[in-house]
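FYI, it's all coordinate maths here, none of it is from the lab. Keep in mind that this is a model prediction, so the values were computed, not measured.
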Amino acid sequence: MIAVTRMNGDKIVLNADLIESVESRPDTLITLTTGNRIMVKETVLQVTERIKEYRMEISSGALSRMNERAGEETE
């Protein structure tokens with residue numbers, strides 16, 4: 001999940017897995033796989049960085065769990 005700010009200042013959290021595209025028009029428009037569109041204050045770069053951070057957190061968590069399980073199996 002990533003946090004973004006609507007143009008009216010409301011903070012929302014989006015499921016990053018549902019983001020289909022992020023465009024600059026000149027405001028940032030996020031299109032979801034559901035067809036919903038959300039205009040946000042963050043730049044395209046900020047949104048894409050948040051998506052990358054989210055995916056890295058998911059990947060590192062999965063890797064940690066795999067390493068923990070591997071350690072349990074060798075004991």
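Shown here are the Rg and Dmax of the Cα trace of the chain, at 16.4, 57 Å. Calculate how steeply helix 44-74 sits against the longest principal axis of the alpha-carbon atoms of the chain, using the helix alpha-carbon long axis, and give the answer as 0 to 90 degrees to the nearest 10. Helix 44-74 sits roughly 10 degrees off the main axis of the chain.
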